[in-house]
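**Q** Following this message is one structure expressed as structure tokens.
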Amino acid sequence: MRRIIYLVGMLILVNGIQAQLKSPEQFLGYKVGTKYTPHYKIVQYFQHLAKEAPQQMKLEQYGETNEGRPLLLATIASAENLSNIESIRLNNLRLANASRDRAAPVENAPAIVWLSYNVHGNETSSSEAAMLTAYDLVNSSNAKTQQWLQNTVVLIDPCLNPDGRDRYVNWYTTVIGQTINPQPLAREHREPWPGGRSNHYNFDLNRDWAWQTQKESQHRLKVYNSWLPQVHVDFHEQGINEPYYFAPAAEPFHEVITPWQREFQTMIGKNHARYFDKEGWLYFTKERFDLFYPSYGDTYPTYNGSIGMTYEQGGIRAGLGIINEDGDTLTLVDRAQHHYTTGLSTVEITAQNAVRVVKEFRTYFNNVINKPAGEFKSWVIKNDGTDRVTRLTTLLDKNLIDWSYATAGNSNGLNYFTGKQEAFKTEPGDIVINLNQSKGNLIKVLFERNSAITDSATYDITAWSMPYVYGLKAYGVAGYTTNTTKTAPAETAASVVANAYAYAIKWDGLHSAKFLAAALQNGLKVRYTEQPFQIANQTFEKGSLLITKASNGARPIQQEVEKIAALTGSKVYAVPSGFVDKGYDFGSSSVRIINAPNVAVLAGDNVSSLGFGELWHFFDTQLKYPVTVLSANDFLREGLNKFNVLILPEGNYEFFTRKETNEELKAWVRRGGKIIALENAVAQMARADWGIKLKEADDKKADQKVDYSVLKKYENRERDWLVNSMPGSIFRLELDNSHPLGFGYPTYYYSLKQDGAVYEFFKEDGWNVGIIKRDNYVSGFAGSEIRTKLNDGLLIGAQDMGRGQVIYFADNPIFRSFWENGKLLLSNAVFLTGQ
């Protein structure tokens, strides 16, 4: 009785407070979808809702984008639940065994639904729909939504990518007239480079959930992991001719996905279908959008216990309206309405099944700890003495994955690099990750050597095992590893002696490259060694940096070196003499001066915006070394005499197809320029007669019988291409680490291949730095035909050309900025090669 009186009282209070609550149309002055709403107005509308409905909605700014736009999260609940929201959040973490508080959780708790909108900036309908959805949820006169909120809390992120959205919306506003033009060829449907899909640094934020390389992702995952919702939806758009897509997802499903996660996806899909059938709207399910790659907005939540889903509305480049191939005009009004419908339908079906949703959530995390899946129960990551382990633990910390240091002991496990079961010793400084923790399924997915794939027609890369990504020797252990400690082993600090003859920095990780970048910008003269040397008990491998007192005049280099070392996490060794115990003395010709490179990166039309963005972000935020971004035309017209390093991201470069500009670029290299070509830029140089040659498949012999397997069935047309598919697989390369391009590496490197491009070995005027031999496949899906081509060829090379050089990377060494072990390769190409 008291509860009824309380609820009635709260309802009266809420209705009184909400007297000034406005719908989106009332607040904006136009119907949602008839105009684009810039991000600042979306922010203002959510602020309005929070102000006028404080008993049901709480609004927080959880971060800020690179361009200074706020990132918001709205928490919507019944008045009673909102007044108790922090207790609900903490209890939810206890349900997930993710709380330091070991008190027993309350299982009769509200279900948590998280709705994420507009992760791709030019997929604009979802943020418009977010306003409609939020209004209906906080509107006290909507009896249905108020009933759902009795046992459901809804979290809404109205725009995950404000910078990208405003880039698109602002452009569109400048090109539209008083009346929309729905013709697909109209200017308003031809978005210019780089488009609004990506964030400020041209990163695809929907591939960044696990890696968290971007500011927006880092902010969002902190708050996401402080909630761990039971249901998560990521709202998207696809091509204008596609009907609406919603759950259940397509195969492949990763094997850790539970029967309940599959079942509830189907239940949600059937609920959506009920609304779409009533309206006569077209839709499809169980196709195209799989649940495998771990860094999506559906898979990452799924591997963290949620029912993670993607909803896709046709509409990319549609603007306010466009004529599709059916002859229908697809409007922003329609697109927003569809997303609004599935958003509310998701809340509805979750509310109707809230008790089971929470119960299954609790079961999921109990099983993760008590019955973890997979062949390994723990992993031991060997500390190679570089910064690679630190970079890995940084990623683990971002994802709240628990890890420990190993203590000395003996163990047995599968060596990831050899594929063999071996006895090994654990040593202080090694890293141990045990699977019996709330992040257990995510750990299994990130660290498994080979992911079981049920359907090779997948949407993204199929290999990402962390030991290969970081280049760290690792063992998968069948049992838990218990000889651990949370105390870091003591490190012996390198002594920095005043007035030393020189200061040495080992070239063994990204921190070394950061040190060099900072030293060069400070005007210090830096050398590197082409051969190892030893002084006292310290060995310095090839590529080690030297800053000598003699070369830097009267500058206080000790203080400068110490400051840079502290900023970059580098260890500096004081060297008392240029006379070494082993190797070449510092005055030898094997010790070379490093001239600070003047770097240009091409951007613009026909250049991959994502490939460019990875380079821009790497130089700007990690190396912190200046690069000049310019177009191909500007480089050829004015840049040839201003830059000595040119980086070509993936793209289609017209200057390679024109004899005059192709020869002009060759002449620039011969005069001392350096080109660093990535991915298909290498193939274009091969076709333009630069000296590197694509390796072609062997021709069929004259007496070979006709192969009837080439005859294809029409119904299999969408799958026949899979034999030549390489969505992203890992291969082991043999690496010549005596070449400056391979400095800081062992004699091998693991590369992520996304195509079948392989090149002939250089026989003269070039160096075969990274080569693939037969049977060097490691993991991921590789089509049968394309895999047979990937042997005995070049993937990383250096070619001398006059006084200059060309560096070839057939694969992207810094893919999505998560392929950590390739970052030193790129740094070698920029700073050390050609010196």
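The values are calculated or read from the model by the stated rules, or taken from the named source; none is laboratory data. Everything numeric in this text was worked out from a predicted model, so none of it was measured. Virtual Cβ from ideal backbone geometry, glycine too; neighbours counted across all protein chains shown. Surface areas here come from the heavy atoms of the whole protein model, side chains and all, with no ligands, DNA or RNA. Shrake-Rupley method; radii C 1.70, N 1.55, O 1.52, S 1.80 Å.
**Q** Find all pairs meeting these conditions: Cβ atoms under 9 angstrom apart; at least six residues apart or on different chains; first residue within segment 260-282 and over 18 Å from Gly308 (Cα atoms) and part of a helix (DSSP H, G or I); second residue open to solvent by 50 Å² or more (accessible area, probe 1.4 Å) and of a type in the set (A, V, I, L, M, F, W, C).
**A** Tyr275/Trp281; Phe276/Leu282
**Q** Restrict the check to segment 456-471 and report whether at least one residue is of a type in the set (D, E, K, R) and open to solvent by 20 Å² or more (accessible area, probe 1.4 Å).
**A** Looking for residues that are of a type in the set (D, E, K, R) and open to solvent by 20 Å² or more (accessible area, probe 1.4 Å), one finds none in segment 456-471, hence no.
**Q** Here is a further query. Of everything in segment 186-204, what is open to solvent by 60 Å² or more (accessible area, probe 1.4 Å) and either touching a Lys or Arg at 6+ places or on another chain (Cβ under 7 Å) or under 17 Å from Asn66 (Cβ atoms) (or both)? Give them in sequence order.
**A** Filtering segment 186-204 for residues open to solvent by 60 Å² or more (accessible area, probe 1.4 Å) gives 187, 190, 192-193, 197.
Arg197 - this is the single residue of segment 186-204 that is open to solvent by 60 Å² or more (accessible area, probe 1.4 Å) and either touching a Lys or Arg at 6+ places or on another chain (Cβ under 7 Å) or under 17 Å from Asn66 (Cβ atoms) (or both).
**Q** Among the candidates Asn122, Asn161, Asn97, which residue alone is on the phi > 0 side of the Ramachandran plot and touching a helix residue (DSSP H, G or I) at 6+ places or on another chain (Cβ under 8 Å)?
**A** On the way: Asn122 fails: on the phi > 0 side of the Ramachandran plot; Asn161 fails: on the phi > 0 side of the Ramachandran plot.
Just a single option satisfies the conditions, and that option is Asn97.
**Q** Further question on the same structure: Any residue in segment 142-153 that is modelled with pLDDT of 95 or more sitting within a Cβ distance under 8 Å of a residue that is exposed (fewer than 14 other Cβ atoms within 10 Å of the Cβ)? List the pairs, counting only those 6 or more apart or interchain.
**A** Asn151/Val355
**Q** For segment 142-166, give me each residue that is open to solvent by 20 Å² or more (accessible area, probe 1.4 Å) and either outside any helix (DSSP H, G or I) or touching a Pro at 6+ places or on another chain (Cβ under 8 Å) (or both).
**A** So in segment 142-166, the residues open to solvent by 20 Å² or more (accessible area, probe 1.4 Å) come out as 142-144, 146-148, 150-151.
The answer is Asn142, Gln150, Asn151.
**Q** Continuing with this model, one more query. Of (1) closer than 24 Å to Ser738 by Cβ; (2) touching a Ser or Thr at 6+ places or on another chain (Cβ under 6 Å), Lys525 satisfies all except one. Which?
**A** Just one mismatch for Lys525, condition (1).
**Q** Among the residues of segment 15-26, is any open to solvent by less than 40 Å² (accessible area, probe 1.4 Å) and at pLDDT below 95?
**A** Yes; the residues of segment 15-26 include at least one that is open to solvent by less than 40 Å² (accessible area, probe 1.4 Å) and at pLDDT below 95.
**Q** Could I ask something else about it? Spot the failing condition for Lys823; the list is (1) farther than 17 Å from Gly742 by Cα; (2) under 29 Å from the mean Cα position of the chain (by Cα); (3) of a type outside the set (A, V, I, L, M), and only one is missed.
**A** Tallying (1) farther than 17 Å from Gly742 by Cα; (2) under 29 Å from the mean Cα position of the chain (by Cα); (3) of a type outside the set (A, V, I, L, M), Lys823 fails exactly one: (1).
**Q** Do you know which residues across segment 100-120 are farther than 18 Å from Asn353 by Cα and more than 27 Å from the chain's Cα centre (by Cα)?
**A** If the condition is that a residue be farther than 18 Å from Asn353 by Cα and more than 27 Å from the chain's Cα centre (by Cα), then Arg100, Asp101, Arg102, Ala103, Ala104, Pro105 are the ones that fit.
**Q** Please work out which one of (1) in contact with a Phe, Trp or Tyr (Cβ under 9 Å, 6 or more places away or on another chain); (2) open to solvent by 20 Å² or more (accessible area, probe 1.4 Å); (3) in a loop (DSSP other than H, G, I, E, B); (4) not acidic (Asp, Glu) is the condition Ile257 fails and give its number.
**A** Evaluating Ile257 over (1) in contact with a Phe, Trp or Tyr (Cβ under 9 Å, 6 or more places away or on another chain); (2) open to solvent by 20 Å² or more (accessible area, probe 1.4 Å); (3) in a loop (DSSP other than H, G, I, E, B); (4) not acidic (Asp, Glu) leaves (2) as the failure.
**Q** Only one of (1) without any contact (Cβ under 8 Å) to a residue 24 or more places away in the chain; (2) over 21 Å from Thr350 (Cα atoms); (3) open to solvent by 60 Å² or more (accessible area, probe 1.4 Å) is not met by Gln183, so which one is it?
**A** (1)
**Q** Please tell me if Val113 is open to solvent by less than 40 Å² (accessible area, probe 1.4 Å), without any contact (Cβ under 8 Å) to a residue 40 or more places away in the chain and over 19 Å from Tyr30 (Cα atoms).
**A** no
**Q** Which pairs do you get when a residue that is at positive phi, found in segment 778-804, comes within reach of a residue that is in a loop (DSSP other than H, G, I, E, B) and of a type in the set (Lys, Arg), reach meaning Cβ atoms under 9 angstrom, with the pair 6+ apart or on two chains?
**A** Cβ pairs passing all conditions: Asp792/Lys695; Asp792/Lys773; Asp792/Arg774; Gly802/Arg671.
**Q** Take the conditions surrounded by fewer than 20 Cβ atoms within 10 Å (Cβ to Cβ) and more than 31 Å from the chain's Cα centre (by Cα) and apply them to Ala550. Does it pass? Walk me through it before giving the result.
**A** Details: surrounded by fewer than 20 Cβ atoms within 10 Å (Cβ to Cβ): yes; more than 31 Å from the chain's Cα centre (by Cα): yes.
Yes.
**Q** Across segment 396-417, which residue is surrounded by the most Cβ atoms within 10 Å (Cβ to Cβ) among those that are more than 23 Å from Gly509 (Cα to Cα) and free of Cβ contacts under 8 Å to residues at least 60 places away in the same chain?
**A** Among them, the one singled out is Ile401.
**Q** Here's another thing I want to ask about it. Do any strands (runs of 3 or more DSSP E) lying entirely in segment 599-668 carry at least 3 residues that are surrounded by 20 or more Cβ atoms within 10 Å (Cβ to Cβ), and which ones are they?
**A** Once the strands (runs of 3 or more DSSP E) in segment 599-668 are filtered for at least 3 residues that are surrounded by 20 or more Cβ atoms within 10 Å (Cβ to Cβ), what remains is 599-602, 645-648.
**Q** Can you tell me which residue in segment 226-249 is surrounded by the fewest Cβ atoms within 10 Å (Cβ to Cβ), limited to those that are of a type outside the set (Val, Ile, Thr) and in a strand (DSSP E or B)?
**A** Gln238
**Q** Further question: Name every residue in segment 116-139 that is open to solvent by 20 Å² or more (accessible area, probe 1.4 Å) and in contact with a Cys (Cβ under 7 Å, 6 or more places away or on another chain), in order of residue number.
**A** none
**Q** Check off (1) open to solvent by 10 Å² or more (accessible area, probe 1.4 Å); (2) under 30 Å from Gly68 (Cα atoms); (3) aliphatic (A, V, I, L, M) for Leu221 and give me the number that stays unchecked.
**A** Answer for Leu221: the failing condition is (1).
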